[in-house]
1. Quick one: helix 46-58 against the long Cα principal axis of the chain, what's the angle to the nearest 10°, folded into 0 to 90?
2. How high is the relative contact order of the chain, in percent, with contacts defined as C-alpha pairs under 8 Å that are six or more residues apart?
3. Suppose every K and R has +1 on its Cβ and every D and E has -1 on its Cβ; what is the size of the dipole of the chain about the Cα centre, in Debye to the nearest 20?
4. If you only keep lysine pairs separated by 8 or more in sequence, or across chains, how many in the chain come under 23 Å at the Cα atoms?
5. So how much slack lies between Y18 and S140, counting 0.36 nm per residue of separation and subtracting their Cα-Cα distance, in nm?
6. Could you give the size of the charge dipole of segment 29-103 about its Cα centre, using +1 on the Cβ of each K and R and -1 on the Cβ of each D and E, expressed in debye and rounded to the nearest 20?
7. Taking the dipole about the Cα centre of the chain, with the C-beta of Lys and Arg at +1 and of Asp and Glu at -1, give me whichever of T24, P80, Q7 is farthest to the positive side.
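Read-outs throughout are calculated quantities, based only on the coordinates presented, and are distinct from any laboratory measurement. If you're wondering where the values come from, they're calculated on a predicted model, not measured in any experiment. Cβ coordinates were reconstructed from backbone atoms using ideal geometry, including for glycine residues, and neighbour counts include every protein chain displayed.
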Amino acid sequence: MHALGGQAKSIVVADVTYESTDPTIDSQILQLAGSGANVFVNSGTPKFIAQAIRKARDIGWKPLQIVPSTGSSVKSALEPAGLENSIGIITAQYLKDPTDPQWANDAEVAAWAYLHGQVTIREGSKVDYFNAYSYSVASSLGACPQAGW
């Protein structure tokens with residue numbers, strides 16, 4: 001809300017939080033829907049982003065929904081929410097999500113998959129957005145499978 005400056009009080013109609021130990025965020029979504037909000041910045045971890053997407057659709061609440069990059073993974077957030085429920089959501093995803101079929105034949109995603117499966121990070125989850133992020137950071141610093149790491 002800081003980015004909105006002095007306008008925040010006149011633009012933001014509701015602001016709710018949750019705890020990572022909460023089993024669901026259903027009550028928070030009901031509260032937001034009841035506020036009359038027509039834009040929902042759905043910021044959280046993939047588990048709770050998926051719950052929010054699904055609950056919003058279940059109750060028929062259809063605000064413009066914006067999801068940050070950390071929660072916009074196809075496998076860890078959008079599929080658990082139901083891809084059909086995720087239609088129309090705006091994500092701030094700026095990486096090629098290696099779990100997204102559109103990148104199946106992409107050379108950079110293939111290099112990541114090689115590294116993930118063969119070289120160094122065999123234990124990490126392929127659906128974890130942060131594994132792809134860490135690879136992109138390492139690649140931008142010159143460390144990549146082709147360079148012999």
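1. 40 degrees
2. Relative contact order comes out at 16 percent.
3. Dipole magnitude for the chain comes out near 160 debye.
4. Close lysine pairs under the 23 Å cut-off: 11.
5. On the way: separation 122, 0.36 × 122 = 43.92 nm, distance 3.49 nm.
Taking Y18 through S140 to full extension adds about 40.4 nm, to one decimal.
6. Once rounded to the nearest 20, the dipole reads 140 debye.
7. The residue sitting farthest along the positive end of the dipole is Q7.
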